[in-house]
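So the structure is just underneath, and the comments pick up after that.
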Amino acid sequence: MKDILNAPFMVEMTRTTTNMYQQGWDERNGGNISLMLEREQVEDYLERGKVLRAIPTGFSAPELEGKYFLVTGTGKYFKNVRYEPEEDLGLVRLTDGGAQAQLLWGFAGGGSFTSEFPAHMMSHAARLKVDAGNRVVMHCHPVNLLAMTYVHDLDERAFTRTLWQMSTECLVVFPEGVNVLPWMLCGTAEIGRVTAEKMGTARLVVWAQHGIYGAGGSLDETFGLIETAEKAAEVYLKIAHLPRRNTITDEQLHLLEQRFNVKARPGFLD
Ligand code: 13P
Ligand code: ZN
């Protein structure tokens, strides 16, 4: 059996949590990640048939039956993952229509998956319906996006347009825009359900006064998606209190659509 700590998915997960912590997106235990894996990717690293324990999920997700997920633990600090991956991460397999998670590795010392597991799993199911290549759901608390939700209109069109105007690459990176949820109690199946609903039309879902969810085909891609939106929010906060002399016009955003062969969310551009 190969050492799971050297598995490519483990190395990448550890690097990503460290990187996110260094960006200031994941204070204390803030943030969580789930990475969907195929049996072929994990089988060489696990003892065949060995289940450490079964953890009830509290929801059903029949679409994810039998799927494997490497996921961050509840209450665990992203800054520590590289030093104690076996405590802070777990590899689970969903069974019983998603109602149970079999713990196959990790969460040493009795830990469990993130309290946002419902939002993660329901978001995976929602993204897979529109993008079979989706593998990652990532949640974090980036300071500028979070700050922006206190001062900006939360209307999705208005919020998206502001981000698109703050940096030329935004429309190219997230042409579908961002979806926004008002403040809600986190860690519940309900916020999971509405987040997943929002994931049907965009890979970025802002949780007002809390943080953001991103989804994508890889950890790198999902990190980059959040990074791009977060940088645009930073520019916005630097200029929001100043008279705006220039902007990126809708005409210019249409030029970006043509040049980069992307389509802006219908109705979001004039
Ligand atoms: P967990 O420690 O349970 O992952 O929660 C962190 C968080 O960001 C909640 O939204
Ligand atoms: Zn959070």
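Where a number appears in this text, it was derived from the coordinates with a stated rule and is not lab data. Keep in mind that this is a model prediction, so the values were computed, not measured. Here the Cβ positions follow ideal geometry from the backbone for every residue, glycine too, while neighbour counts run over all protein chains shown.
Could you grab the Rg to Rh ratio for the range 106-243? Cα atoms only, Kirkwood for Rh.
Values: Rg = 14.9 Å, Rh = 15.2 Å.
That ratio is 0.98, to two decimals.
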In whole Hz and in residue order, list the ³J(HN,Hα) couplings for the range 196-208 that follow from phi through the Karplus curve 6.51 cos²θ - 1.76 cosθ + 1.60, θ = phi - 60°; x for Gly and Pro. 4, 4, 5, 5, x, 10, 7, 8, 10, 10, 7, 9, 4
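E12 to V51: FRET efficiency via 1/(1 + (r/R0)^6), r the Cβ-Cβ distance, R0 25 Å, to the nearest 0.05? Kindly include the intermediate steps, with their values, before the conclusion.
Details: r = 25 Å, r/R0 = 0.99.
Efficiency for this residue pair is about 0.50.
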Could you tell me which residue out of F117, F59, L104 lies farthest along the dipole of the range 48-121 toward its positive end? Charges go on the beta carbon: Lys and Arg +1, Asp and Glu -1, centred on the Cα centre. L104
From the cross-link list K79/K198; K76/K238; K76/K129; K231/K263; K198/K231; K129/K238, which pairs have alpha carbons spaced over 27 Å apart? K79/K198; K76/K238; K76/K129; K129/K238
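With charges only on Cβ, +1 for K and R and -1 for D and E, what is the dipole size of the range 86-194 about its Cα centre, in debye, rounded to 20?
Values: 7 positive and 12 negative charges, 55 e Å.
Around 260 debye, computed over the range 86-194.
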Report the Cα centroid-to-centroid distance between the range 173-193 and the range 205-270 in angstrom, as an integer. 16 Å
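What FRET efficiency comes out for the pair R244/V143, r = Cβ-Cβ distance, R0 = 25 Å, nearest 0.05? The partial results should precede the final answer.
Working: r = 22 Å, r/R0 = 0.90.
Step by step, r from the Cβ atoms, then E = 0.65.
Would you mind counting up the charge near R161? Only other residues with Cβ under 11 Å from its Cβ, with Lys and Arg at +1 and Asp and Glu at -1. Show your work: numbers first, answer last.
On the way: positive: R157, R265; negative: D153, D155, E156, D250, D270.
So the surrounding residues net to -3.
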Using helices alone, I'd like the mean residue ellipticity at 222 nm for the chain: each DSSP H run of four-plus residues gives -39500 (n - 2.57), total over residue count, nearest 500. -11500 deg cm²/dmol
Peptides 46-56, 113-123, 82-92 ordered by average Cβ neighbours within 10 Å, highest first: 113-123, 82-92, 46-56
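If you place +1 on the Cβ of every Lys and Arg and -1 on the Cβ of every Asp and Glu, how big does the dipole about the Cα centre of the chain come out, in debye to the nearest 20? Mind dumping the intermediate values first?
Values: 27 positive and 34 negative charges, 38 e Å.
Rounded to the nearest 20 debye, it is 180 debye.
Would you kindly work out the equivalent ellipsoid of the chain from its C-alpha gyration tensor and give its semi-axes, the square roots of five times the eigenvalues, largest first in whole Å? Write out the running numbers ahead of the final one.
Values: eigenvalues 234, 67, 57 Å².
For the chain, the semi-axes come out at 34, 18, 17 Å.
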Hey, what angle do you get for helix 156-166 against the long axis of the chain, alpha-carbon based, 0 to 90 degrees rounded to 10? 80 degrees
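Checking the a/c ratio against 1.5 first, then a/b against b/c, what shape does the Cα gyration tensor give for the range 183-253? Before the final figure, lay out the partial values.
Working: a/c = 2.23, a/b = 1.68, b/c = 1.33.
Prolate.
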Honestly the range 1-70 on the Cα gyration tensor test (a ≥ b ≥ c root eigenvalues; a/c under 1.5 rounded, otherwise a/b vs b/c for prolate or oblate) is just oblate
